[in-house]
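Novice: Next up is a structure, given as structure tokens.
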Amino acid sequence: MNPPAHLKAELSGFKFDNSYAKLASALYQKQQPENTKNPSLLLLNHQLAKTLGLNPEVLEKEGAEFLGGNAVFTTATPIAQAYAGHQFGGFNMLGDGRAILLGEHITPENNRFDIQLKGAGRTVYSRSGDGRAALGPMLREYVISEAMCALGIPTTRSLAVVTTGETVYRDDAYPGAVLTRVASSHIRVGTFQYAATTQNHEVLAELADYTIHRHFPEIAEAENKYALLLEKVIDLQASLIAKWMHVGFIHGVMNTDNVSICGETIDYGPCAFMNSYDPATVFSSIDSNGRYAFGNQAPIAHWNLFRFAETLLPLLQADEVQSIAIAKGLLEKFPAIFLEYWLDGMRKKLGLFNQEADDLKLVEDLLMYMQKNKADYTNTFKTLGKDAIKAMQIYHDAGFQSWMRHWEARLSRQAETAAQSLALMDQSNPAIIPRNHLVEEALKAAVDHNNLKPLERLLSAISDPYNAREDYAEFMQAPEPAFDTYYKTFCGT
Ligand code: AMP
Ligand code: MG
């Protein structure tokens with residue numbers, strides 16, 4: 001591999017720092033991406049490029065080389081990060097088996113973002129994998145992560161998809177691709193679990209201090225900084241999962257290696273948005289027991305946080321009994337913190353500005369009627385209080401009619417006007433989510449027929465999710481319920 005001129009990195013706007021690669025060498029392996037046969041830039045996120053201070057015109061010309069992994073910026077120190085994780089409850093040693101962290105890009109505003117190439121070839125952590133990624137799942141991550149961002153939910157972003165000109169073999173043969181993922185960091189609960197397995201407290205403390213310095217500098221000087229770190233991560237997870245629940249997002253594979261410490265949604269594999277409301281909804285083909293079902297996401301996040309807390313025990317106090325007491329005290333607050341975030345968002349979805357004691361029951365009753373009537377989660381909230389609700393089947397349920405009267409009475413007891421409530425609801429209830437059937441259609445057109453038009457239209461639709469726009473009417477229609485019965489998502493391998 002011939003490293004490109006330094007100048008090229010500068011022209012594109014990339015400014016790499018490699019702070020993670022200066023940590024204890026147990027935490028990563030230096031690793032160059034593997035060459036691909038014929039890299040070609042398929043998608044470039046111009047808007048994201050600009051917000052990062054990158055030059056989209058240069059990237060359009062040179063991006064295939066750099067973002068496909070055939071050339072490496074001379075200022076980058078590519079690494080594969082080590083991590084472990086509980087996958088469906090079982091502990092495994094993992095690590096970046098098909099992703100290379102090029103380094104951290106420093107934006108003109110001095111913000112630091114990981115630039116990672118997913119699908120960039122084998123690493124020491126690849127085990128039996130080929131280090132590669134298929135085009136469909138990489139486009140899927142691009143679409144869903146950008147949809148999440150537009151919905152206002154913390155997430156990793158997608159800068160580009162480069163096709164490799166190579167074939168990857170899974171259940172069938174697929175075109176290969178590399179996704180450029182942008183993240184506040186790739187430090188996971190699993191990264192801490194890995195550090196804990198080294199049994200080297202210095203490595204663990206170094207990782208914890210690095211994480212604090214990078215994400216929570218405000219606690220760096222505190223005497224109990226590791227307890228505060230745990231408290232921060234608990235809070236961020238509670239807030240994140242509540243946001244998922246507000247829009248019907250199902251992550252699908254909430255293994256501890258897919259839990260980002262900084263509270264971003266990460267690793268879009270078998271994820272999907274729910275149509276008809278049912279907390280038992282699972283789309284992932286590998287989740288036969290419903291461990292990561294829609295309604296189980298908060299308890300699972302809590303379980304994952306226990307795993308995180310366990311890694312911090314040696315740092316909390318010298319005495320393990322005291323450490324456990326501290327961790328337990330913080331962890332047991334999670335359900336209440338989650339409930340507050342969740343209820344806060346659900347109130348907004350119902351146009352409520354203030355709090356009343358019976359609000360939880362009001363929300364739960366609505367969800368009960370939605371489940372009973374197999375009502376579309378997104379469209380029920382979006383049409384609530386509008387004429388369009390009359391076209392929904394749920395409207396003809398006498399129990400729901402009575403619920404609406406309760407809700408209207410509740411609205412009338414607050415100071416804000418009906419118009420203010422409707423405005424709050426419109427800002428809080430998306431009209432457009434990446435509906436599974438349309439995502440599949442767009443991916444199929446791109447992968448099987450080289451036709452990017454449906455994907456471009458999908459990306460345009462999801463970029464402004466809270467506005468109901470007539471010209472995107474198909475995105476606001478729920479599929480026939482039969483679609484969900486058979487719809488399965490597969491891990492992004
Ligand atoms: P994921 O399901 O993407 O969260 O990946 C779980 C683990 O499997 C991570 O350690 C990945 O790096 C690894 N992995 C997934 N796909 C591949 C692949 N094609 N080659 C090598 N490692 C992989
Ligand atoms: Mg993962």
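Readers should treat all values here as calculations from the given coordinates under stated rules, not as data from a laboratory. Keep in mind it's a predicted model, so treat the numbers as computed, not measured. We place every Cβ from the backbone using ideal geometry, glycine too, and count neighbours over all the protein chains shown.
Novice: If you scan region 76-112, which residues turn out to be in a loop (DSSP other than H, G, I, E, B) and crowded, with 17+ Cβ neighbours inside 10 Å? Spell out the reasoning first.
Specialist: Start the filter on region 76-112 by keeping residues that are in a loop (DSSP other than H, G, I, E, B), which leaves 76-78, 82-83, 88-89, 94-98, 107-111.
Across region 76-112, the qualifying residues are A76, T77, P78, A82, Y83, L94, G95, D96, G97, R98.
Novice: In addition: Of the residues in region 244-261, how many are away from ligand 1 (no atom under 11 Å from the Cβ), more than 11 Å from the chain's Cα centre (by Cα) and not in a loop (DSSP other than H, G, I, E, B)?
Specialist: Adding up the residues that qualify gives 3.
Novice: Every residue in region 271-301 that is among the β-branched types (V, I, T) and either under 19 Å from I433 (Cβ atoms) or surrounded by 22 or more Cβ atoms within 10 Å (Cβ to Cβ) (or both), please. Write out each step before concluding.
Specialist: Initially, region 271-301 is screened for residues among the β-branched types (V, I, T), giving 281-282, 286, 300.
Matches in region 271-301: T281, V282.
Novice: On to the next question. Answer yes or no: is there a residue in region 349-360 that is in a helix (DSSP H, G or I), more than 30 Å from T197 (Cβ to Cβ) and not basic (K, R).
Specialist: Filtering region 349-360 down to residues in a helix (DSSP H, G or I) leaves 349, 359-360.
If we keep only those that are more than 30 Å from T197 (Cβ to Cβ) too, we end up with 349, 359-360.
Add one more test, that the residue is not basic (K, R), and what stays is 359-360.
Scanning region 349-360 turns up at least one residue that is in a helix (DSSP H, G or I), more than 30 Å from T197 (Cβ to Cβ) and not basic (K, R).
Novice: Consider G129 carefully, then state whether it is surrounded by fewer than 23 Cβ atoms within 10 Å (Cβ to Cβ), more than 27 Å from I106 (Cα to Cα) and within 16 Å of ligand 2 (Cβ to nearest atom). Break it down into steps so the answer makes sense when it comes.
Specialist: Details: surrounded by fewer than 23 Cβ atoms within 10 Å (Cβ to Cβ): yes; more than 27 Å from I106 (Cα to Cα): yes; within 16 Å of ligand 2 (Cβ to nearest atom): yes.
Yes, satisfied.
Novice: While we're on this one: Which residue is farthest from ligand 1 (Cβ to nearest atom), if the candidates are limited to region 158-181 and must be surrounded by fewer than 21 Cβ atoms within 10 Å (Cβ to Cβ) and touching a residue at least 40 places away in the same chain (Cβ under 8 Å)?
Specialist: Across region 158-181, the extreme among qualifying residues is G165.
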